[in-house]
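To keep things clear, I will list the structure first and then write my remarks on it.
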Amino acid sequence: MKPIRSLKSTHAEKPYLTKEALEALERAGFSRRRFLQGAGALVVSFSVRGLVGTAAGQGAFDGGTAGSPAANLLDSWIAIGADGVVTAYTGKAELGQGMTTAQTQLVAEELCVPFNRVKLIMCDTAQTPDQGITSGSQSHPTNFNHSNLAQAAATARQALVQLASKRLGVPEDQLLAKDGVIRSKSDASKKVAYGEFLGGKRFELQVDPKAPRKPAAEWTVLGTAARRPDLAALVTGQFEFVHNVKLPGMLHGRVVRPPAVGATVVSVDEGSVAKLQGIVKVVVKKNFVGVVAQKPWQAIQAANQLMVTWTLGTGMPKQEIFYDHVRNQKPTRDTMLVDSKDTDQKIAEAAASLKATYLYPYQMHGSLGSSCAVADVQGDKATLYSPTQGVWPQRGSAAILLGLKPENVRVIFRRGSGCYGLNGADTVTFDAALLSQAVGKPVRVQLTRKDEMAWGENYGLPYVMDERAGLDAAGNIVAWDFETWSPVLGNRPGYTMPGNVVTGTLAGFEADPFVPRSPAPPPRTYGNGSNGVPSYVAGNVGGTASGTGTIKSERSLVHNVTSPLFTGPLRSPARLQNTFAHECFMDELASQAKADPVAFRLRHLSDSRLSDVVRAAAKAANWDSRPSPKAQTRIASTRAGRGIACVAYEGENGYSAMVAEVDVDPATGKVAVKRLTIAADCGPISNPDGLKNQMEGGALQGMSRALMEEVTWDDQKITSVDWISYRTLPLGFAIPTIDVVLLNRPDHPATGAGELSITLSCAAIGNAIFDATAARIRQAPFTPERVKAALNHA
């Protein structure tokens, strides 16, 4: 096995200059990309001149961050070397979800080159376009559907064919691009390789939104199960995570967090660590406290021994009455998402009515490895090696934190611990930045497990959700009312203000006020989305039905209240919670109507794609069509049940349904998930293995959150600070059989997939428990204690 390389050694991949020369160039302010542009690599670039003109009405890009490569310019996206290797630049990060593979396939397909001839450079403010934040499962649809990476590659292919036509004297329609070579269809001797005939020339072109894309019927790379290019390095321990970054003269830092929520610094006794070896500096900035040392162990010792006097904390609401506390707070904002203004009347007139309250806790990302970052702040310039999901936005907030000009801050993405939201990645980057600025040298910080869990991340949102609906005499839903309360604090990453994460707040910055989404979202937002409107309502706004259901009498009201803890996006933020309530309540309504849960859903859906995934999941699971709960022998030692849930995820995301099959032990309350069957429709399938992996991984994470995960606290502080006090699926846990059915829609736009199955697990499992036991559990997670208590009251 090769030893793990330092960060600097990776710059010697091309034989243009030695490693030392490249490092010297970078220290002098030259990026590798700028050097390549002037040293023989063909960079396909553009302006209004060139072979492809500016599309009518297409102006300069105005949506990026100042200083970012212009997104309407082709050389911001694509470069082709003399050796024919294609370098693609993307602003979407690989977080472990396989986006490197999908984006590489996308470029290879559109440029007609082999998969292994594409090199992807991602998320570096000195090199890549500003594509905002890697979030919401929008990386693939952003680069597949819009004038970004795929359209840039299609523009490059179009320009290459035009150049080849002139050079070879063959009409464009008689040329074929394949494996990086353009050849005549009728004369095999007439051919030219991309790198061969372009040399050092530059084309000045804008991304042409009308450049033809390759139809799915002609795909040779997309649609295949291409293997992840990072897999070998990952499984052999050679992959270079942010934890492995090493810089010359690098020091090591540790942070000292408050002992209680709301505690502030009274004094810091630097003399308490003065005699320890290797100590470089104690750093204090308002309530931010940290130490810098020569070695990691020295920093750990100093952080443990540093004497800091703190005020008392501000206190925490009692956990046992927390949901009452949430409901009784004065809202910071109320948002009426949809209101037909007749729900009270319709429910009162209904033949039967039902109401229920669902509760969902704070949860954490629980990344297996604690967060890490390296910062090099010297004078008025800073370079941050960060696992952030948004390098360009982080550049702006880091500049505020450090008091620097944004153009003097460079953020380079390096993969960290699995995230899917806002774990400690931004927090630890700010930690490293403040410590590095204080000593004027590179500093590496890795959070402890306790600091990660208690102070490192922004927790997933807790929810209180009231459901109310009416049924007519035939068992049809005539009205649906939904009201929810959700505590938020700093509910976005530290992209707009440093105070949105813990480090920034401790250093004296205020959190950016949380502003919920507009109450008039775009079409098809009315699913089980963050706005909280169920999939079964018509979503009438201004006379336009934007929903996926048939129920016309509808109301959805969201109350945002203040959270005592930092909150943020955790995979399927708000959607998972809303879907838990909506899909379990839908099952309650089906049971009230004595209807089969699948048939009852289909009766109230109007979107054919959502209906299709429901049917596909039910068919693959051999669904037992009957009302729930299942007739059981009460003395049975194990009770079996099945449940279903579905979602039309808002925005450019997909459709999915899940059937869960469980065994419940009535003596202990333990739930064993035996099988999960998932159907997914995400438009055209770029990589079937990658898509299945997303469905499987999301389902398991959702199962962990449904059965085990919950943040706990006492009257002063977080108490779930390790893997014993914060339970997730452990090693050796009995993993269920997972079957995935993929519905391919090559004629539709691509959608996101990463947040589909996780959105459904809690609801599907909850419905299966009810089917097995007749006990409806309305509070997550479904711990043995809660299940047994529900059984005693069933």
Cα-Cα pairs of region 331-377 separated by more than 18 Å (percent): 71 percent
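Kindly work out what percent of the DSSP beta bridges joining two residues of region 319-429 are antiparallel, to the nearest 5.
50 percent
Would you mind computing Rg(Cα) / (2.2 N^0.38 Å) for the chain, counting N as its residues?
Values: Rg = 27.8 Å, N = 794, 2.2 N^0.38 = 27.8 Å.
The reported ratio for this selection is 1.00.
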Among the listed pairs Lys318/Lys450; Lys275/Lys295; Lys552/Lys594; Lys92/Lys214; Lys119/Lys381; Lys286/Lys717, those beyond 24 Å (Cα-Cα): Lys119/Lys381
Principal axis dimensions, largest first and in whole angstrom, of region 361-487 by Cα: 74, 31, 22
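FRET efficiency for Asp269 and Lys670, Cβ-Cβ distance as r, R0 = 45 Å, nearest 0.05? The partial results should precede the final answer.
Details: r = 50 Å, r/R0 = 1.11.
Once the sixth-power term is evaluated, E becomes 0.35.
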log10 of Debye I(q)/I(0), alpha-carbon scatterers only, for region 205-319 at 0.16, 0.18, 0.19, 0.22 Å⁻¹: -0.86, -0.99, -1.05, -1.15
For region 540-621: span of alpha carbons on each principal axis (Å, largest first): 44, 36, 26
Within the accessible area of the chain (1.4 Å probe), percent carbon and sulfur: 53 percent
Three principal axis lengths of region 634-726 [C-alpha, angstrom, descending]: 48, 44, 23
For region 73-214: Kirkwood Rh in Å [reciprocal of mean 1/r, alpha carbons]: 15.4 Å
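Report the extension gain between Thr562 and Arg333 in nm, rounded to one decimal, defined as 0.36 nm multiplied by the number of residues separating them, less their alpha carbon distance.
Numbers: separation 229, 0.36 × 229 = 82.44 nm, distance 0.98 nm.
In short, 81.5 nm is gained.
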Tensor-based shape of region 674-776 (alpha-carbon gyration tensor, a/c under 1.5 rounded, otherwise prolate or oblate): prolate
Bridge type composition, the chain - antiparallel percent by DSSP, nearest 5: 70 percent
Solvent-accessible area per residue, Å², over region 326-425 with all protein chains present [probe radius 1.4 Å]: 39 Å²
Along the chain, longest interval not containing exposed GluC sites (Glu not before Pro), exposed being DSSP loop plus at most 16 other Cβ atoms within 10 Å: 14-509
Per-residue [θ]222 nm for the chain (sum of -39500 (n - 2.57) over DSSP H runs n ≥ 4, rounded to 500): -8000 deg cm²/dmol
Heavy-atom surface of region 152-269, accessible at 1.4 Å and reported per residue (Å²): 49 Å²
Region 682-760, accessible area per residue, ligands and nucleic acids excluded (1.4 Å, Å²): 40 Å²
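The values are calculated or read from the model by the stated rules, or taken from the named source; none is laboratory data. It should be emphasised that the depicted structure is a prediction, and the values quoted were computed from it without experimental measurement. With ideal geometry, Cβ positions are generated from the backbone for all residues, glycine too; neighbour counts draw on all protein chains shown. Ligands, DNA and RNA are stripped out before the accessible areas are found, and what is left, the full protein with its side chains, is counted by its heavy atoms. Shrake-Rupley method; radii C 1.70, N 1.55, O 1.52, S 1.80 Å.
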